[in-house]
Amino acid sequence: MVGRRIRDLMRQGREDLHREMSVPALYIPAPNATPLACSVRVWLKTDNHMVGKLPGLQGAAETSESEDRLRFNLAEIPKLFRNAVVSVEPGEAYRIDHLYEADLNFQTARVLRLPATEAAGLPLP
């Protein structure tokens, strides 16, 4: 019973966090499809893992891999698809590149930012 209560508290906490930190967006599952209103958390950052680091070899070339992400509430969009487009603001849109496993009604997607020329004609939330 305690485990169930903790899980419910975690779920509520994630819902509260998403509500406070999300922005309105339009999810476009395919070209010319009807956009679906949703909210997303936008994470534009460089991931913390390093690529090219060789153990025991000081001075080896290293680079950090960028991984922009969006987090979706599955209560709003129950099924996400790779290559779908998410329009956030004028000139800001993303294409879903990879979907991570869903976790407690939320799903995170690795995304690629669309060039401004492609984002320009998209509908806005």
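The values are calculated or read from the model by the stated rules, or taken from the named source; none is laboratory data. Please read these numbers as outputs of a predicted model, since none were measured by experiment. Cβ: placed from backbone, ideal geometry, glycine included. Neighbour counts: every protein chain shown. We work out accessible area using only protein heavy atoms, side chains counted, and drop any ligands, DNA or RNA first. Shrake-Rupley method; radii C 1.70, N 1.55, O 1.52, S 1.80 Å.
Selection over the stretch 103-125 of residues that are surrounded by fewer than 18 Cβ atoms within 10 Å (Cβ to Cβ) and in contact with a Leu (Cβ under 6 Å, 6 or more places away or on another chain) gives a count of 3. Give all pairs with beta carbons closer than 7 Å in which a residue from the stretch 67-80 that is under 12 Å from Thr108 (Cα atoms) and among the aromatic types (Phe, Trp, Tyr) meets a residue that is open to solvent by less than 40 Å² (accessible area, probe 1.4 Å) and part of a loop (DSSP other than H, G, I, E, B); count only pairs at least 6 apart in sequence or on separate chains. These pairs meet every condition: Phe72/Leu80.
Residues are listed down the side, and each one gets a yes or a no for (1) open to solvent by 90 Å² or more (accessible area, probe 1.4 Å); (2) in contact (Cβ under 8 Å) with a residue 60 or more places away in the chain:
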residue	(1), (2)
Arg5	yes, no
Asp8	no, no
Asp16	no, no
Glu20	yes, no
Ile28	no, yes
Pro31	yes, no
Pro35	no, yes
Ser39	no, no
Val42	no, no
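Taking Leu112, is it closer than 26 Å to Arg11 by Cα, under 13 Å from the mean Cα position of the chain (by Cα) and aliphatic (A, V, I, L, M)?
no
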